[in-house]
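Everything on this sheet refers to the single structure shown next.
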Amino acid sequence: MRRIILAVLVGAVVVLAALAPKPDDVGEPLAGGDVVRPGIGSPTDAAIWYCPWAQSNATRDSFLAVASIDPALAAFTFPVSIPGEDADRAALDVVGPGASGIDLSDIARRGDSPFFVEFDDGPAAVSVTVSGQAVLSADACVVSGPEVWHFSGGSTMAGETLKLRVFNPFPETAKVTVTAVSEIGVEALADLRTVSVSPRSWRDFDFETLLRQRQTLIVSVSAEEGLVVPAMSFTSGEAGDGDWWSGVGLSSEWDVPIASAEDLDGDLVVFNPGLAPVEVRVILFTAEAAVIDAGSLTVDANTPARFTLPSGLGPAAARIESTGPITAGVVARGGAGTAIASAIPEPSREWLVPGLRSVGLERGTLWILNAGEESVSVSVTAFTGGELIAEKIVIDGSSLVRIPVLGNDAIGYLVESSDVISVGWSISGPTGSAISAASPFSDG
Amino acid sequence: MYGPARVIVVGGDEQVRHVATARDALWRPDLRAVPDALGPEAEYLWFLRSRSRPRSDALGALVGDIERTEASIAGSKILDAGEPEHLLAVGVATDVFSAPYTGLQDDELDQEQYDVIRDVAAVTGASMLVRRDLYRGLGGVDRTLAPNSAAVDLCQRARLRGARVIVIPASEVLYEGPDPTPEWRERAGEIRSMIKAYGPITLLWAIPLALLAGLAESIMAPFLGKWPIFGWVAAWVWNILYLPATIAARLQARRGRAVGDEELFRYQVGGSARLRVMYDRILERVRERFPEGVLAGFIDVVESGQQVLRRPSFVAATLGVVAALVATRVIWGEALPAVGYSLPPPESAGAALSAYAGGWNPAGLGSPEVLRPEIAVVALVQSALFGNGGVAVALITVAAVIAGVVGVARLLRSWGVASVAGYAAGVVYAMGPPAMGIGSTTHWGAIVALGVIPWAIAGSVAAWPRGWGLRLVRIAAITIAFGLVGAFSPGLLPVPLLAVFAWTALGTGPRWWAPVRAAAGALLALPLLMPWVLYADLGGLYTSGQLAFWEPWLPTAAIVGVSLLAGLLGSDGNRAVVAGWGGLLVALGALAARSGGYGGGEEALLAGLAAMALGLAAIVGTAFEAAARRGEYSGLRRLAAGLAAIGGALLVVAAVPGAADGRVGMPSDDVTGAYDFASASGFSTGQILLFGTGEGAMGETRDFEGLAYRVFTPPVPASWEARLAEPRLGDDALEGLLEDLIIGSERRAGERLADFGIGWVVFSEESPFESVFESQLDLIPLRSLPFGAFRNEVAAAVVLGDDGSVWERDGGGFAMPDSWEGATVRVAQNADFRWGPGEWEQAGWASLVTPDADVVGFGGHSGRRTMALAAGAWFGVLLLVAMAKRWLR
């Protein structure tokens, strides 16, 4: 009897144990929220801007412009490529919304000085305008980047120089691979495979010596280890003007708010890095609200293509549509100099244009492209040293508007629209011309 | 019959001199003057000590035989004056260190077994006949020596001159003991005698060996209740002080020697005589404590030869111990694997004790919260082993596993399960699937506690001794057992209680007081856990940590079930109850080990597994016992007994994999060496912030949106860092930083991590969070490592001076660097006003100290220190009471 009681008792507890509910599974770590990478690898963080191209020497200087919607402190860091040397630092207070700027020579005067800017609030944007003897170049700095950076618009014909700068602002040695494609096909650049770029330093690659006599040269940069920010600089001759521009990724639709100007004839350069040919169509928008179907062509796999826009077209913008992902840019040459910029992959409602100004004999112009069919209401606010000067305009559908910067002390602009638009800016003066895309942002 | 020609009284004061003169005896101030006081007719000098009582024919026997054998020194057989049938000495051998060795057991009876005249190394000073001319030639007795060592010294010097030293048992002298000479004086005399007698070559190795032998004796003797270390130290100090005199005496002793050291070696015993005596005493005690146990079996083998090897109990016990040694071989052969909660003890046992006794809890970002008692117990053992923490944990682990095997055998024996079955059950207990389950959790303390649990139960359920003295001893022993269980794994404390209660409810025989004894033991053990027990969150003990859900391997579970049923059916009444008791423990243990769904945590899992181990052992024990008694049964019971035997055997086999890995179920060491990169520079480069629970993870972690993380000191954190205290200001701040990081709003994480003293970030498993650190401007990824790791570019240290200098860890504190030029230091530990010495102020969540000493540390909590000391004192009292058993018997 005792045995039976024991067996029943044990059996009952065993059943209880067997029926004990399993605790809920612990979910995957961090499954509840998104992990947001800061900096260059982040698609959303706009707090650090990387500017690989800035120079200050006896013949030229750089104007470093910042703009911010909210009051912010912009902290500049200029790494020195000598190991162990402390970086140069500077800071600017930006009364948001507003813009500010500083000459590089006020901080460091040692030739090339790539840098990055950290904002403690924003949205914000940064641009660099290099001006001096026979040069005027400008572009917006980058806040995020693709895995593979593509640079369209370069060439290495006689007298031209094309320099790729790979800036590594991070504390880890980066390893990058540089590839190039030209009108003669894929270029052999075995020496540029897995090239090390020291932390907080940069390396320059001169393509006029690496690949001579290329009319259309597309350079691509990818980081195999670490993170880098590349930039390209082009000079059309020893005493000629040039420009610097940032790389872009891939898209099947590109806007080029400045495709040609009064003294600049533009070439649109596209590159199809894919494995299949793509159909590319180009639509031009002029200041007179004319829409010109510039035609279409098939771009083979891994091949660049160049659309030469009609000479004397005057101010015009372009939209490039493709049946596959491509990269695009514009090269504008003429009596006013040479200007190059990457195209804009995605229109936006809000744009910041730091550094757009008219100073001395240089004149700045704001370019606004409404490629949509509907007209949009656009508010253009000029950031001056002390006040905001706002202007509201209506831009018809499929039209381009240019707003020249008058001598009102403006050092940046804010452009807000009721629908998506594309914004670019240009500066021209006696020493040359420069064009750049503005910096889109989203204010929440 | 010889009679005294003249009585000479040696030594004493003026009063002694008057008495001697009044009795017509000569008085001389010391022995040196004695030979001259005698006439030329005196050929021999007979030395007797004041406590010697020679029999009337003692001198006659000495003189007769010394002349016959042409010896120069002769000694008598010395008997206990109180019990004349007991031998005290029949001549002595010595060891190479001049320590005398009688070769007699305590209270050995005189059965004339040694009654033969023989050469010996020395004779005792209680009765010694010396040729007068030899005595004069030797320069007499060394008066600086204690009596016994002086006698050995005289004999050794005589031997060097070629003289024979013999013992003449026909001469009997009674001696009134005990000897009043301090032990250390004898030790000192032995060393001096050795230095005087031997040649330089012999001394070259004999002196270091003497030092080592004394050291070994000092370590071992406390286990026998003796503390010779002080005498050992005093003896060497005395010899250093007297070295010039010893050298002079040596020159005299070796002048005119006729033989070499080998003549002295002829009558010596090998090794150390003192260690030999101690060994004999240990064997004697073990024999008393383990009358039929494994060790007793071992002793029997020594004493009785191979006959005992045929005893099944001995074979089973030996196999059990061998299995325990095999199961722990990695731990005693190499080291305790550093993995999970199994971490090496702190380097400084003193610092660990201090931290436990109201000091700083260094886990994570630190806390004044009390450490677990395990830290203090290990530190105590470590102290006894001269600070060797690795040996301490190895010793504790091996002892615990063997204790578990033997304890279960002993417990089951009290319930009628024979030794063979008991030891098999012990193996399953200590190495079976539940025990391995405990090992796999890496809770090393629980493995140790498991070894003690059977003793706590056995003490509670065993027959209550007669007499209050012995009962007190029993309660003390039970309390110590419960205390050890609680100290090493507090969550396991209820297991022996539950087992005793279950036995009371189900068992047979007189048992109703067992739960009272167990409860008393458990209650009295609680003060041993002070101060931890007063501050611990006992309510949350069983719900904290990972949720418990043990999933058995179904074939094993089936075998257990079949063995249990077969054991119930195939055993007689008592054993069937033991099997049922085991089954109930297994079932209750399984319930606790699977209680995660009800909120049961890690301690619930451990307690459940321990109960299962105990129950499983009972099932196996009864199964084998049933099989052994199978011949007494018939029919269904006989069949069930056979089935039970098969089940039991399978369960023993199931323990083999557990024993095979040599780590008692613990995973392999994946921490040692993994983080060496963080300390390769040899100086502090900050702590490691570790994410994940993958390989290389350790101890308790905090949770950040499901991702485990913790901070620890590289390269391998010590055991006091295993368990994190409740989050404090710094921990909240660190979590805040992680929140900033995850939303991408922080780009200079290194700068902020440096505030926490964090110099490194490591991911033990892949996580999307890693990408956040890759994008930081001041964290450098270490790509060559097999896991995600980042070095902080910003200088980080737990204690950082305002001049940028790093204060390195020094025991429980942080030492000032030589280059210190600052005024204040920031202590990146949770703020507490007791950091100092010097002015303290809170700096955010951390402390800012203006040091006025060269070490910054936590001042300590005096109340907790007092409690810890009280706990230690209580343990001492319990130990003394428990050790009084022999005396009471």
* Using +1 on the beta carbon of Lys and Arg, -1 on that of Asp and Glu, and nothing else charged, what's the dipole of chain A about the Cα centre, debye to 20? -> 1100
* To do: Normalising by the residue count of the stretch B:445-565, find the relative contact order in percent from Cα pairs under 8 Å and 6+ residues apart.
  => 28
* **Partner lysines for A:K163 [C-alpha distance under 26 Å; skip if fewer than 8 residues away on the same chain]** => A:K175
* To do: For the stretch A:1-15, list whatever residues lose no less than 50 Å² of accessible surface once every protein chain is in place, relative to that chain by itself, with the probe at 1.4 Å.
  => A:R2, A:R3, A:L6, A:V10, A:V13
* To do: Before rounding to the nearest 500, sum -39500 (n - 2.57) across all DSSP H runs of length at least 4 in chain A and divide by the residue total; then give [θ] at 222 nm in deg cm²/dmol.
  => -1500 deg cm²/dmol
* Give, to the nearest whole percent, the P(r) tail of the stretch B:730-870 beyond 27 angstrom, counting all Cα pairs. => 33
* Asked: Sorting B:D818, B:D572, B:D115 by accessible area (1.4 Å probe), largest first, what list results?
  -> B:D818, B:D115, B:D572
* Could you tell me the accessible area of B:L785 in Å² (1.4 Å probe, neighbours in place), rounded to the nearest ten? => 40
* Express the accessible area of the protein assembly as shown per residue in Å², computed with a 1.4 Å probe while the remaining protein chains stay in the model. => 41
* **Taking N as its residue count, the alpha carbon Rg of the stretch A:147-247 over 2.2 N^0.38 Å** => 1.03
* In the stretch A:249-344, what percent of the accessible surface is made up of carbon and sulfur (1.4 Å probe, ligands and nucleic acids excluded)? -> 52
* Structure fact -> Shape descriptors of the stretch B:800-858 over alpha-carbon atoms, Rg and Dmax in angstrom, are 10.0, 28
* Structure fact -> Summing -39500 (n - 2.57) over every DSSP H run of at least 4 in chain B, dividing by its residue total and rounding to the nearest 500, the 222 nm mean residue ellipticity is -15500 deg cm²/dmol
* Structure fact -> Rounded to the nearest 100 Å², the accessible area buried between A and B, both sides, probe 1.4 Å, is 3600
* Structure fact -> Correct semi-axes for the stretch A:249-344, from √(5λ) of the alpha-carbon gyration tensor and rounded to whole Å with the largest first, are 23, 14, 10
* **In the stretch B:14-77, the GluC sites (Glu not before Pro) that fall in loop regions by DSSP, at most 10 other Cβ within 10 Å** => B:E41, B:E70
* Round to a whole number: what % of the accessible area of chain B belongs to carbon and sulfur, probe 1.4 Å? -> 60
* To do: Show which aspartates and glutamates lie in cross-link reach of B:K885 when reach means a straight Cα distance below 17 angstrom and same-chain residues fewer than eight apart are skipped.
  => B:E284, B:E288
* **Relative contact order of the stretch B:800-858, defined on C-alpha pairs under 8 angstrom at six or more residues apart (%)** => 32
* Cα-centred dipole magnitude for the stretch A:288-410, charges only on beta-carbon of K, R (+1) and D, E (-1), debye, nearest 20 -> 380
* Can you list the residues of the stretch B:698-723 whose accessible area drops by at least 30 Å² going from the chain on its own to the full set of protein chains, with a 1.4 Å probe? -> B:E705, B:G706
* When the C-alpha atoms of the stretch B:387-472 are aligned to their principal axes, what extent does each axis show, in angstrom, from largest down? -> 42, 33, 18
* Structure fact -> For chain A, averaging the sequence separation of alpha carbon pairs under 8 Å that lie six or more residues apart and dividing by its residue count, the contact order in percent is 16
* Sorted by average packing, counted as other Cβ atoms within 10 angstrom per residue and highest first, what order do B:58-65, A:162-169 take? -> A:162-169, B:58-65
* Asked: Rg (Å, one decimal) plus Dmax (Å, integer) for the alpha carbons of the stretch A:309-422?
  -> 15.1, 47
* Asked: In vacuo Debye scattering of the stretch B:43-276, one point per C-alpha: log10 I(q)/I(0) at q = 0.18 Å⁻¹?
  -> -1.42
* To do: If a/c stays under 1.5 just call it rounded; otherwise compare a/b with b/c (prolate if a/b is bigger, oblate if not). Do that for the stretch B:479-595, with a ≥ b ≥ c from the square roots of the Cα gyration tensor eigenvalues.
  => oblate
* To do: Please sort by residue number the chymotrypsin sites (Phe, Trp or Tyr not before Pro) in the stretch B:649-705 whose DSSP state is loop and whose Cβ has at most 16 other Cβ atoms within 10 Å.
  => B:F683
* Structure fact -> Once phi for every residue in the stretch A:186-201 is put through the Karplus expression 6.51 cos²θ - 1.76 cosθ + 1.60 (θ = phi - 60°), the whole-Hz ³J(HN,Hα) values, with Gly and Pro written as x, are 6, 8, 8, 10, 4, 5, 9, 8, 6, 8, 7, 10, 4, x, 6, 8
* Asked: If you take the Cα atoms of the protein assembly as shown, find Rg, then find the Kirkwood Rh from the mean of 1/r over all pairs, what is Rg/Rh?
  -> 1.18
* **DSSP-assigned coil residues among GluC sites (Glu not before Pro) in the stretch A:349-444, each with at most 12 further Cβ atoms within 10 Å** => A:E373, A:E374, A:E387
* **Computed magnitude of the charge dipole of the stretch A:152-268 (debye, nearest 20; Cβ of K, R +1, Cβ of D, E -1)** => 660
* To do: On a 0 to 90° scale, report how tilted helix B:58-69 is relative to the longest principal axis of chain B, with both axes built from alpha carbons and the result rounded to the nearest 10.
  => 80
* Asked: By the gyration tensor of its Cα atoms, with a ≥ b ≥ c the square roots of the eigenvalues, what is the shape of chain B: rounded for a/c under 1.5, prolate for a/b over b/c, or oblate?
  -> oblate
* Measuring from label point to label point, each 7 Å out along Cα→Cβ, what is the A:I292 to B:Y242 span in nm? -> 12.1
* Asked: Which of rounded, prolate, oblate describes chain A, given a ≥ b ≥ c as roots of the alpha-carbon gyration tensor eigenvalues and a/c under 1.5 marking rounded, otherwise prolate only if a/b is larger than b/c?
  -> prolate
* Asked: When the Karplus curve 6.51 cos²θ - 1.76 cosθ + 1.60 is applied with θ = phi - 60°, which whole-Hz ³J(HN,Hα) does each residue of the stretch A:161-172 get, with x for Gly and Pro?
  -> 10, 9, 10, 9, 10, 10, 9, 10, x, 9, x, 9
* Structure fact -> Expected output for the stretch B:769-788, residues with a loss of 20 Å² or more in accessible area relative to the chain alone at probe 1.4 Å, reads B:S771, B:V772, B:E774, B:S775, B:L777, B:I780, B:P781, B:R783
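The values are calculated or read from the model by the stated rules, or taken from the named source; none is laboratory data. Because the structure is a prediction, the values reported are computed rather than measured. Don't worry about glycine lacking a Cβ; one is built from the backbone with ideal geometry, like all the others, and counts go over all protein chains shown. For accessibility, only protein heavy atoms count, side chains too; no ligands or nucleic acids. Shrake-Rupley method; radii C 1.70, N 1.55, O 1.52, S 1.80 Å.
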